[in-house]
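This report refers to the structure that appears directly beneath it.
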Amino acid sequence: ESNNLKKELKVNNGRQLKNARIEISKVTENELYNFSSSHALSIYPLEAVCTYIPKNCCSTLRFSIAIANGFVKDVDDINWIHQNNQTFISSQREISLAKHTFVVLRCPYTRIASCYLDKVVDGKINFNDNFGNKASLNFNEFLEYIKSQSRENMEEHWRNQSDFLHYEHYDDYFSLELFSDAIGILKSKGFKVYDTRKILNHDISSFEKVDGDFSKIKDIDIEKMKNDGHVPSYKSMFTELEVNLVNEIYGDDIDLYKSHFGNSALLFK
């Protein structure tokens, strides 16, 4: 009888939530549930829910959702989204009744390299030494710092992608490395994506890429390169040591990515 009930539940629960039952406690006290819930956004005209993950084209998604929901008009309003991260957070009812759900995942190696080159090198997130003075980090030191953190204390731009997933299963999983495919599929479902990456300059697409070994080069020296229009390629941020660190920190994200897209788009196989 118990097995029959489990089978029945498996059939009926099309929108099973991933984190709600992790803790047998009040949902309001469930850190992971509330974290993933805060990154689920509603697209009102489509009754859809998108989970956005920082560094995974999230500004593009948030801007496109703001357009779809009628809150902004065009690219002149782009900075509105940075003041309104919470505006379209889905209610529990919208999450449960969503007609379409999707998420964009990214190769974990390029995501963390991009995070370093954008947030650390550009000084958007600063680190201090034991005396309270601003510290300069290289990529290896940045990874060691992340490794020392607990998941709940990680800044969202480098927190594991798997922590953002609010559903057990999404209707669509898209790869940032194949984002043009995502744009086409979402358009066919009635959601127009406005790619803002070049406008906001959050990635390295507009820079000349330089190969070499930049894993131990301090952020202030890479900043000088960027000011001259050059930037290390993502691959040049890694030696075997950094690859192993990412494998250790983001092993679940690597498995998640491979389960949906295989190995072909990973920076390191």
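Our helix-only sum for the chain, with -39,500 (n - 2.57) per DSSP H run of n ≥ 4 divided by its residues, gives a mean residue ellipticity at 222 nm of -10000 deg cm²/dmol.
Roughly speaking, what is the stretch gain from THR239 to GLU152, that is 0.36 nm per residue apart minus the C-alpha to C-alpha distance, in nm to one decimal?
Details: separation 87, 0.36 × 87 = 31.32 nm, distance 2.76 nm.
Here the answer is 28.6 nm.
For the chain, the residue among THR101, LEU165, ASN85 whose Cα projects farthest onto the positive side of the dipole built from Cβ charges is THR101. Tell me the carbon and sulfur percent of the accessible area for the stretch 62-171, rounded to whole percent, probe radius 1.4 Å. Ligands and nucleic acids excluded, carbon and sulfur reach 43 percent.
Counting only protein chain heavy atoms and rolling a 1.4 Å probe, the accessible areas of MET225, MET237 rank, largest first, as MET225, MET237.
With a Förster radius of 45 Å applied to the C-beta separation of LEU97 and SER205, the computed FRET efficiency comes to 0.75.
Reported to two decimal places, what Rg/Rh ratio describes the stretch 160-269 when computed on Cα atoms with Rh from the Kirkwood expression?
On the way: Rg = 16.7 Å, Rh = 16.6 Å.
Taking Rg over the Kirkwood Rh, I get 1.01.
3J(HN,Hα) along the stretch 50-65: 10, 8, 9, 10, x, 6, 10, 6, 5, 5, 4, 5, 5, 5, 5, 5 Hz, from the Karplus curve 6.51 cos²θ - 1.76 cosθ + 1.60 with θ = phi - 60°, whole Hz, x for Gly and Pro.
What accessible area per residue, rounded to a whole number of Å², is obtained for the stretch 1-156 using a probe radius of 1.4 Å? Could you put the intermediate results ahead of the total?
Values: 8030 Å² over 156 residues.
Value for the stretch 1-156: 51 Å² per residue.
A probe of 1.4 angstrom, applied to the heavy atoms of all protein chains, finds GLU168 with accessible area near 60 square angstrom. Using a probe of 1.4 Å, the accessible surface attributed to LYS216 totals some 100 Å² when neighbouring protein chains are kept in position.
Excluding LEU178 itself, what net charge comes from residues whose Cβ is under 13 Å from its Cβ, given Lys and Arg +1 and Asp and Glu -1? The partial results should precede the final answer.
Working: positive: ARG106; negative: ASP172, GLU177, ASP181.
Taking every other residue near LEU178 into account, the sum is -2.
Only Lys, Arg, Asp and Glu count, each charged at its Cβ (+1, +1, -1, -1), so figure out the dipole size of the chain about its Cα centre, rounded to 20 debye. If you can, show how the numbers build up before the last one.
On the way: 33 positive and 39 negative charges, 145 e Å.
Using Cβ point charges on Lys, Arg, Asp and Glu, the chain gives about 700 debye.
Relative contact order, whole percent, for the stretch 96-212 stands at 36, derived from Cα pairs under 8 Å and 6 or more residues apart.
Taking every Cα-Cα distance in the stretch 94-216 and sorting them into 5 Å bins starting at zero, the pair-distance distribution P(r) comes out as 2, 8, 15, 19, 18, 15, 11, 7, 4, 2, 0 percent. Rounded to the nearest 10 square angstrom, ARG151 shows an accessible area of 80 square angstrom against a 1.4 Å probe. Our Cα-only numbers for the chain put the radius of gyration and Dmax at 19.6, 69 Å.
For the pair GLN16 and GLN86, label points projected 7 Å from Cα toward Cβ lie 3.2 nm apart. For the stretch 95-191, lysine pairs with C-alpha atoms less than 19 angstrom apart, excluding pairs fewer than eight positions apart on the same chain, total 5.
Please sort by residue number the GluC sites (Glu not before Pro) in the stretch 16-102 whose DSSP state is loop and whose Cβ has at most 14 other Cβ atoms within 10 Å. Kindly include the intermediate steps, with their values, before the conclusion.
On the way: sites: GLU23, GLU29, GLU31, GLU47, GLU94; in loops: GLU23, GLU47.
Those satisfying the criteria are GLU23, GLU47.
Put PHE88, PHE261 in order of accessible area, largest first, 1.4 Å probe: what do you get? All intermediate terms of the calculation are to be shown ahead of the outcome.
Working: PHE88 10, PHE261 45 Å².
Reading off the accessible areas and sorting them downward yields PHE261, PHE88.
When 1/r is averaged over all different Cα pairs and the result inverted, which Kirkwood radius in Å belongs to the stretch 52-132? Walk me through the intermediate numbers first.
Working: mean 1/r = 0.0659 Å⁻¹.
Here the Kirkwood hydrodynamic radius works out to 15.2 Å.
When the P(r) of the stretch 1-147 is calculated, the portion above 20 Å amounts to 63% of the C-alpha pairs.
The values are calculated or read from the model by the stated rules, or taken from the named source; none is laboratory data. None of these values were measured; they are calculated from a predicted model. Cβ atoms come from the backbone with ideal geometry, glycine included; neighbour counts cover every protein chain shown. Accessible surface areas use protein heavy atoms only, side chains included; no ligands, DNA or RNA. Shrake-Rupley method; radii C 1.70, N 1.55, O 1.52, S 1.80 Å.
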